Amino acid sequence: MISPLLIPILGISCGLVAIFGGVFLKPWFALQQRKMELEAQMVAEKAAQYAAQTERLEQRVRVLERIVTDKGVDLANEIEQLRDAPPLN
């Protein structure tokens, strides 16, 4: 059986736990949530920066590939023209 003294003690204890949770734990959880939101925002910004940098590098590689392939064809044509040209003597 429950002692008659335990009933008011449990009632007061439940009230104190609720007050403690409302005063201390609720702001702490809100702070933790805000920290996680800020970290997620920073990670998203970093990902966007990396994506932009990757895009710039891909564009530069495309330009270099175009330069190399265009110059290679032009150079081959120039060599062939020199071979076909009459000697200068």
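The values are calculated or read from the model by the stated rules, or taken from the named source; none is laboratory data. Here the structure is a predicted model, which is why all the values come from computation and not from measurement. We place every Cβ from the backbone using ideal geometry, glycine too, and count neighbours over all the protein chains shown. Accessible surface is based on the protein model in full, side chains and every heavy atom, while ligands, DNA and RNA are left aside. Shrake-Rupley method; radii C 1.70, N 1.55, O 1.52, S 1.80 Å.
With a 1.4 Å probe and every protein chain kept in, tell me what percent of the accessible surface of the chain is carbon plus sulfur.
Carbon with sulfur: 68 percent of the solvent-accessible area.
Only one of the values (i) 1.79; (ii) 0.95; (iii) 1.18 was calculated from this structure for Rg/Rh (Cα atoms, Kirkwood Rh); name its label.
Computed from the coordinates, Rg/Rh (Cα atoms, Kirkwood Rh) corresponds to (i).
If I model a spin label as a point 7 Å beyond the Cα along the Cα-Cβ vector, how far apart are those points for Leu82 and Trp28 in nm?
8.0 nm
Using the Karplus equation 6.51 cos²θ - 1.76 cosθ + 1.60 (θ = phi - 60°), what ³J(HN,Hα) coupling, rounded to whole Hz, does each residue of the range 10-25 give in order, writing x for Gly and Pro?
Result, rounded to whole Hz: 5, x, 5, 4, 4, x, 5, 5, 5, 5, 4, x, x, 7, 9, 6.
Go through Phe20, Thr54, Ile79 and say which Cα lies farthest out towards the positive end of the charge dipole of the chain; charges sit on Cβ, +1 for Lys and Arg, -1 for Asp and Glu.
Phe20
In whole angstrom, how far apart do the alpha carbon centroids of the range 43-78 and the range 10-29 sit?
60 Å
Please report, in debye to the nearest 20, how large the charge dipole of the range 14-89 is about its Cα centre when each Lys and Arg carries +1 at its beta carbon and each Asp and Glu carries -1 there.
Numbers: 10 positive and 11 negative charges, 140 e Å.
With only Lys, Arg, Asp and Glu charged at Cβ, the dipole is about 680 debye.
Quick check: residue separation of Val63 and Lys46 times 0.36 nm, minus the Cα distance between them. What number comes out in nm?
Residue separation times 0.36 nm, minus the Cα-Cα distance, leaves 3.5 nm.
How much length, in nm to one decimal, is gained on full extension between Ile19 and Ser3, taken as 0.36 nm per residue of separation minus their Cα-Cα distance?
Roughly 3.3 nm would be gained on extension.
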